[in-house]
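Contents: one structure, followed by commentary.
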Amino acid sequence: MNAKTFLALFARDVHVARRNAITTLIQTLLQPLMFVFVFGQVLTRSGMMAASYKGMLLPGIIAIAMTMTGVQAVAMPVIAEFQFTREIEDRLLAPIRTEWIAVEKILAGMVQALVSGAVVALPARFLLGSDLGISTDHLGLVLLIALMVAVFSAAGGLTLGCSVGQTQIGLMFSIVLAPMLMFGCTYYPWSALASFPILQKLVLLNPMVYASEGLRGTLAPQYPHMSTAAVIAVLAVIDIGLVVTGLWRFQSKSVT
Amino acid sequence: MGVGIRTHDLRKIYTSPPPMAARGAAFAGGGFGKKAKGAKSANIVALEGISLEVAPGEIFGLLGPNGAGKSTTVGILTTRVRPTGGEAYIGEFDVWRQQVEAKRLIGVVQQRPNLDFSLTAREILIFHGAYFGMPSADRQRRASELLEQFQLTPRADELTRGFSGGMMQRLSVARALMHDPQVLFLDEPSTGLDPQTRLLLWGIIREYNGQGKTILITTHNMEEADELCHRVAIVDHGKVIALGTPAALKASIPGGYLLQLRFSSAPASLIDLLKQLPGVTEVRENGPGIDVYADRGGSLIPAIVATATENSIDLHDVHISEPSLENLFLHHTGRSLRQ
């Protein structure tokens with residue numbers, strides 16, 4: 001690998017992300033924060049939901065913010081840059097193997113996913129109040145799971161971005177991202193799906209489930225959650241699968 | 001030491017539309033559903049064995065109409081298109097197998113501007129330099145020089161989305177020169193440029209070539225090929241149909257002059273009579289008209305008129321063109337470059 005070129009490509013993405021920081025933050029954080037307010041404040045204070053729901057919700061909100069940011073941070077530019085603007089060409093001509101350009105994209109997306117998770121956690125915690133029962137005993141595991149979530153969201157974004165055309169962005173949101181959110185065990189634990197056995201098996205295909213359950217199991221272990229070891233194992237498989245697919249899709253997209 | 005370009009029996013069949021690095025402006029982006037279906041139906045032969053040798057320090061032109069295979073050739077030589085067969089080398093490096101080494105040597109100006117819209121003009125140049133490992137101070141200095149040379153300094157720190165087509169094109173060329181490549185590829189560089197900017201560009205190309213750099217330029221503009229190129233390959237339907245210096249190519253047209261005539265009628269007997277006129281080397285039917293290749297132009301007209309009148313045929317229209325690459329293309333293909 002050519003380290004100078006790789007770092008320059010990364011510097012370019014950081015530069016652009018910083019320039020667009022405000023809009024990016026609004027775009028990815030506003031929706032989860034509104035959810036926090038409605039579910040964590042309106043519904044709990046009015047007594048329609050138990051106060052304990054708040055602590056259950058926070059890990060899910062972090063999972064949403066991270067996944068959506070990672071996916072969009074990679075997919076949206078890739079879709080645009082490969083289509084009519086063809087902005088990507090200058091970078092494809094940089095003296096580095098094409099695979100590394102894809103790796104750089106994933107890395108830049110991961111950083112944005114991690115930043116987003118950290119940024120949403122603070123105001124969400126503020127909005128929800130202090131009596132959340134959030135545990136910091138397993139910080140190492142939290143970071144490991146967050147890192148693995150960042151990998152699959154950025155690599156998934158690359159795969160999506162290389163498979164979807166400009167005209168299908170709306171479709172991508174409604175048939176890929178929206179179901180991922182709703183059936184990602186973000187607003188409820190996986191065990192809550194027990195009365196829908198078929199659905200409960202189906203959602204296991206959704207990477208978001210492991211993000212929510214993993215963060216819930218480490219940040220708020222008092223709520224029902226999947227085994228953390230199992231979550232890490234599945235996330236590892238998903239990460240490898242999506243990275244390999246993303247690199248392959250990028251490679252075939254960049255050469256005709 | 002300059003770096004040359006070599007291709008041997010280069011072939012390309014597109015199995016899936018649309019070829020990104022080589023498609024014309026008419027293509028719209030395709031999506032995943034369409035692609036799978038298109039892959040079976042579309043087998044577009046773009047190159048049918050192109051062999052070229054471009055010497056180090058040469059300005060070499062690929063001249064041909066749209067769809068001739070020029071951009072595909074450039075696409076393969078710049079690592080953006082995978083060849084179906086044959087070999088392509090930049091200097092000693094096999095373009096497909098040693099992509100990184102080949103990319104290090106080349107600068108590319110694509111047919112359509114592909115500027116990074118997230119960056120300002122200056123940042124585009126500076127990041128491009130960084131991709132090629134240039135030290136920071138060099139990047140800043142060279143970017144400022146190029147912005148000045150390409151008359152972009154006043155808008156250097158603006159995002160490029162609002163630039164005019166000509167400004168984008170100038171910036172694309174500046175970017176390609178940023179890392180001082182040994183080989184410069186320009187795919188239809190003058191398309192959409194006003195005459196003044198075109199002259200500026202030609203001046204810059206000549207100057208860059210003066211530093212011993214190799215330049216490969218594609219064009220469907222014979223004036224550009226004639227003015228700028230040391231040697232020209234005329235391509236059509238993925239094949240080289242003529243190759244040589246512009247002067248030698250023009251001299252190879254029988255007679256040199258082309259008189260395109262239209263008569264009230266064009267019987268075979270008239271064609272035979274025209275062939276016997278002094279200075280005429282070839283006479284061809286071309287649709288309703290007759291093309292006469294001759295070693296002279298206007299001075300042949302009285303004889304043509306006399307021959308026609310003797311046979312009660314009227315001459316309706318005459319178009320005389322001097323020896324040109326356009327005539328050469330017409331001679332080889334029966335079609336105009338602009339068609």
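A few remarks follow.
- Cβ separations smaller than 7 Å between residues 6+ apart or across chains give the following pairs from the stretch A:52-75 residues that are over 17 Å from residue A:27 (Cβ atoms) to residues that are among the basic types (Lys, Arg) and surrounded by fewer than 24 Cβ atoms within 10 Å (Cβ to Cβ): A:58/A:125.
- Test: residue in the stretch A:84-102 that is hydroxyl-bearing (Ser, Thr, Tyr) and modelled with pLDDT of 90 or more: yes
- Among residues of the stretch A:19-30 being away from chain B (no Cβ under 14 Å) and surrounded by 19 or more Cβ atoms within 10 Å (Cβ to Cβ), the one that is nearest to the chain's Cα centre (by Cα) is A:28.
- Residue match in the stretch A:189-200 (condition: touching a residue at least 60 places away in the same chain (Cβ under 8 Å) and outside any loop (DSSP other than H, G, I, E, B)): no
Yes/no matrix, rows are residues, columns are (1) within 30 Å of residue B:53 (Cβ to Cβ); (2) touching a residue at least 40 places away in the same chain (Cβ under 8 Å); (3) surrounded by fewer than 14 Cβ atoms within 10 Å (Cβ to Cβ):
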position	(1), (2), (3)
B:248	yes, no, yes
B:272	no, no, yes
B:281	no, no, no
B:289	no, no, no
B:302	no, no, yes
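- Test: residue A:172 is within 14 Å of chain B (Cβ to nearest Cβ), out of contact with any Pro (no Cβ under 7 Å at 6 or more places or on another chain) and within 28 Å of residue A:99 (Cβ to Cβ): yes
- For the stretch B:305-327, the condition of being at pLDDT 80 or above, assigned to a helix (DSSP H, G or I) and surrounded by 16 or more Cβ atoms within 10 Å (Cβ to Cβ) holds for at least one residue.
- Taken as a whole, the stretch A:31-48 holds no residue that is without any contact (Cβ under 8 Å) to a residue 40 or more places away in the chain, within 14 Å of chain B (Cβ to nearest Cβ) and over 15 Å from residue A:91 (Cβ atoms).
- Every residue from the stretch B:46-60 that is over 18 Å from residue B:82 (Cβ atoms) and β-branched (Val, Ile, Thr): B:54, B:59
- Spans of helices (runs of 4 or more DSSP H) in the stretch B:83-153 with at least 3 residues within 11 Å of another protein chain (Cβ to nearest Cβ) and touching a helix residue (DSSP H, G or I) at 6+ places or on another chain (Cβ under 8 Å): B:121-131
- Which listed residue is without any contact (Cβ under 8 Å) to a residue 60 or more places away in the chain and within 25 Å of residue A:132 (Cβ to Cβ), from A:211, A:233, A:229, A:178: A:229
- Qualifying residue in the stretch A:97-117 (condition: touching a Pro at 6+ places or on another chain (Cβ under 8 Å), part of a helix (DSSP H, G or I) and farther than 15 Å from residue A:254 by Cα): no
- Only listed residue being crowded, with 20+ Cβ neighbours inside 10 Å, within 29 Å of residue A:43 (Cα to Cα) and under 20 Å from the mean Cα position of the chain (by Cα), chosen from A:103, A:120: A:120
- Screening the stretch B:181-290 for strands (runs of 3 or more DSSP E) wholly inside it with 1 or more residues that are out of contact with any helix residue (DSSP H, G or I) (no Cβ under 7 Å at 6 or more places or on another chain) and among the β-branched types (Val, Ile, Thr) returns the ranges B:214-219, B:239-244, B:280-286.
- All positions within the stretch B:154-168 that are part of a loop (DSSP other than H, G, I, E, B) and away from chain A (no Cβ under 14 Å): B:156, B:164
Yes/no per residue for (1) at pLDDT below 90; (2) buried (at least 18 other Cβ atoms within 10 Å of the Cβ); (3) touching a Gly at 6+ places or on another chain (Cβ under 7 Å):
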residue: A:165; (1), (2), (3): yes, yes, yes
residue: A:171; (1), (2), (3): yes, no, no
residue: A:195; (1), (2), (3): no, no, no
residue: A:236; (1), (2), (3): no, no, no
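- Residue within the stretch A:230-252 that is in contact with a Pro (Cβ under 6 Å, 6 or more places away or on another chain) and basic (Lys, Arg) present: no
- Hey, residue A:54 in a helix (DSSP H, G or I) and either at the interface with chain B (Cβ under 8 Å from one of its Cβ atoms) or under 23 Å from residue A:165 (Cβ atoms) (or both) or not: no
- Hits in the stretch A:3-18 (condition: facing another protein chain (nearest Cβ under 7 Å) and either within 21 Å of the chain's Cα centre (by Cα) or buried (at least 19 other Cβ atoms within 10 Å of the Cβ) (or both)): A:5, A:8, A:9, A:12, A:16
- Of residues in the stretch B:157-211 being out of contact with any strand residue (DSSP E or B) (no Cβ under 8 Å at 6 or more places or on another chain) and aromatic (Phe, Trp, Tyr), the one surrounded by the most Cβ atoms within 10 Å (Cβ to Cβ): B:163
- Counted residues, the stretch A:214-244 - those being small (Gly, Ala, Ser) and in contact with a helix residue (DSSP H, G or I) (Cβ under 6 Å, 6 or more places away or on another chain): 3
The values are calculated or read from the model by the stated rules, or taken from the named source; none is laboratory data. None of the values given here were measured: they were computed from a predicted structure. For neighbour counting, all protein chains shown are included, and Cβ atoms are generated from backbone atoms with ideal geometry for every residue, glycine included.
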